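Just so you know, all these numbers are worked out from the coordinates, no wet-lab data involved. On a predicted model such as this, the values are computed, not experimentally measured, just so you know. Heads up, the Cβs are rebuilt from the backbone with ideal geometry, glycines too, and the neighbour counts pull from every protein chain shown.
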Amino acid sequence: MQTWLALGLPGMTLLLVAVGAWEMRPKRKPSRMKARLSSTYLDEVTAFLYGTKRAELDHRDSVEMTLEQEAQGAPPLGAVDLDRGILVVRPGNQDKRPAV
């Protein structure tokens with residue numbers, strides 16, 4: 001029983017290398033999966049061996065879920081003068097907006 005436990009981690013490492021080599025072979029159709037099986041396995045084994053890796057993986061997952069929204073709404077169609085409180089709206093072609 002101790003022999004199986006002692007050879008478990010090196011055996012799984014060799015299996016990881018074999019799976020990684022299989023995934024790197026040239027393919028006719030590209031895979032739709034973003035993450036490869038070997039990288040996911042490596043992350044989970046590293047998280048098992050190092051506790052801080054689990055926190056890093058959880059943080060990475062939460063960052064992937066957050067949306068980056070810089071601005072909402074379209075810029076104004078005309079010139080805006082905040083000093084005088086004047087807004088000039090010129091409807092027309094969207095491509096020829098005046099520079100503010």
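Observations
- Fewest-first sequence of LYS29, LYS53 by Cβ atoms within 10 Å of each Cβ: LYS29, LYS53
- Cβ-based exposure ranking for ARG90, ARG84, in which fewest neighbours within 10 Å come first: ARG84, ARG90
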